[in-house]
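Asks: The structure that follows is given in the form of structure tokens.
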Amino acid sequence: MEKKAFVGNAADPAQVKAAEKRERREANDDVKDLKKILATPEGIRFVWRVMAKCKTFGEAYAPGELKVYNMGQQAIGRWLMSECVLADKSAMTKILVQHQETFVEGEH
């Protein structure tokens with residue numbers, strides 16, 4: 001879904017100000033939503049699965065065009081990681097600790 005521009009006329013200071021306010025509100029909503037997701041074990045597991053699927057912590061190298069595809073996935077995973085940290089400074093610690101406790105120690 002293509003995002004619609006918040007401003008119809010960039011030369012109109014009132015439209016620009018309203019657009020900036022709307023953009024900040026939407027960004028705040030995103031952070032609030034992600035905080036709620038990271039507050040649950042299920043949410044943390046989901047975020048880990050997305051990061052793992054995106055090869056966030058893996059190697060992008062592959063022969064040919066697959067390398068470019070992998071790098072694109074990693075960019076999404078790294079974006080998600082930065083959004084998590086924006087929502088909760090200790091998010092990555094929580095995500096890694098829960099992964100360690102759940103999957104690595106055999107409860108999976």
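Asks: For the subset of the range 59-80 comprising residues that are more than 15 Å from the chain's Cα centre (by Cα) and in contact (Cβ under 8 Å) with a residue 12 or more places away in the chain, which member is nearest to Asp30 (Cα to Cα)?
Replies: Across the range 59-80, the extreme among qualifying residues is Asn70.
Asks: Moving on to the next point. For the range 32-49, name all the residues that are surrounded by fewer than 14 Cβ atoms within 10 Å (Cβ to Cβ) and closer than 15 Å to Met81 by Cβ.
Replies: Phe46, Arg49
Asks: Only one of these is farther than 13 Å from His99 by Cα and of a type in the set (A, V, I, L, M, F, W, C): Ile76, Ile44. Name it.
Replies: Only one candidate qualifies: Ile76.
Asks: Can you tell me which residue within the range 1-19, out of those that are part of a helix (DSSP H, G or I), surrounded by 10 or more Cβ atoms within 10 Å (Cβ to Cβ) and of a type in the set (Gly, Ala, Ser), is modelled with the highest pLDDT?
Replies: Among them, the one singled out is Ala18.
Asks: Moving on to the next point. Write out, first by first residue and then by second, each pair whose Cβ atoms fall under 6 Å of each other, whose residues are 6+ apart or on separate chains, and whose first residue, in the range 81-101, is without any contact (Cβ under 8 Å) to a residue 40 or more places away in the chain while the second is surrounded by 12 or more Cβ atoms within 10 Å (Cβ to Cβ) and in a helix (DSSP H, G or I).
Replies: Correct list of pairs: Val85/Ala91.
The values are calculated or read from the model by the stated rules, or taken from the named source; none is laboratory data. Everything quoted here is computed from the prediction, not taken from an experiment. No Cβ is skipped: glycine too gets one built from the backbone with ideal geometry, and neighbour counts run over all protein chains shown.
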